[in-house]
Each structure stands twice: as structure tokens, then as C-alpha cells.
């Protein structure tokens, strides 16, 4: 389910980037910790989405574990688990010293912020609202 949520963000962010004229497929879901390894060249020119922390939302934890069915019998059900996913967006651009990649990276991060300011909920491919994933707050 977490992978689905990050993939959904990636797909919507790629569509937003395409409208802004950024290169196609320039948003990937990957472990940013691999940046200091031999995989670093795969990251160049992309915005990396990385999950950095998962935390249970304690204020929504106290839901009932039993439901009453039509036969008036109580049955146990697993209550939903509400999670806060902490996601890091990193713009990775490097190369020779003749080009200012830092400004371009900041431009892409600004586009990520603009994306989340404009879209706080996400819809399925069929257009229905899916609240099982998340809302951005």
C-alpha cells in the first residue's frame, strides 16, 4: 500500500512536470541513500521521491474493534491503521562546472511545492476520489 501511494504521487507529479516542460520520466521513486554509491548516475537529472519515516497517527487509533451485524451478533474486525508517511523530494543534477545545476535543481523543487499547493487530494484513473490513500495536509 505504501508503494502504491508513492507511485501515485510519482505519476501525478510526472504529469505536472510534463505540463511545465521538464524532461519526461524525470521523477522516480528510489532510496536517496544510494546517491553516494555507484547508482548515482541513474539519479542524475531526476527528482527522487524517498520514504524517510513511517509513523502511526495516534489520534485516530481509538476506533472500535467490534461491529454489530444484522443478526445482532458482535464480530471482531481489525480497525484501520492510519499512517503518516514522511517523504523526501530531492532534485539531483550534477555535471561539469560550466553549468549552474544548483539553480535548476531549486527550480524543480519549487515545481514540486507548486504541485502540492495545487493538488491536495488524488483521484484514481477512473476519476473517483480515493481516500484510502491519503490527503496532503
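Across q = 0.11, 0.15 Å⁻¹, the stretch 2-118 modelled as identical point scatterers on its alpha-carbon atoms has Debye log10 I(q)/I(0) values of -0.51, -0.76, in the order of the q list.
Mind checking the full-extension length gain between residue 2 and residue 24? Use 0.36 nm per residue of separation minus the Cα-Cα distance, one decimal, nm. Don't skip to the end; give the middle numbers.
Working: separation 22, 0.36 × 22 = 7.92 nm, distance 2.39 nm.
Extending this stretch completely gives an extra 5.5 nm.
Specify the angular offset, from 0 to 90 degrees and rounded to the nearest 10, of the alpha carbon long axis of helix 101-118 from the longest principal axis of the alpha carbons in the chain. Roughly 30 degrees, rounded to the nearest 10.
Springs between alpha-carbon atoms under 10 Å, Gaussian network over the chain: tell me which of 105, 40, 65 tops the mean-square fluctuations. Checking each option, the largest mean-square fluctuation is seen for 65. Beta bridges assigned by DSSP with both partners in the chain are antiparallel in approximately 85 percent of cases.
Classify the stretch 1-47 as rounded, prolate or oblate from the Cα gyration tensor: take a ≥ b ≥ c as the square roots of its eigenvalues, call it rounded if a/c is under 1.5, otherwise prolate when a/b beats b/c and oblate if not. Please report the intermediate quantities before stating the final value.
Working: a/c = 3.87, a/b = 1.25, b/c = 3.10.
Oblate, because a/c is 1.5 or more while a/b does not exceed b/c.
Taking every C-alpha pair closer than 8 Å and separated by at least 6 residues, the mean separation divided by the residue count of the stretch 1-111 gives a relative contact order of 23 percent. Spin-label pair residue 41-residue 67: with each label point 7 Å from Cα along the Cα-Cβ axis, the two points sit 5.3 nm from one another. The spacing between the stretch 60-112 and the stretch 20-47, judged by their C-alpha centroids, is 19 Å.
The long axis of helix 2-19 is offset from the longest Cα principal axis of the chain by roughly 40 degrees.
Read-outs: derived from the displayed coordinates by stated rules, not from any lab. Everything numeric here is computed off the predicted structure, so don't read it as measured data. Cβ sites come from the backbone with ideal geometry, for glycine too, and all protein chains shown count toward neighbours.
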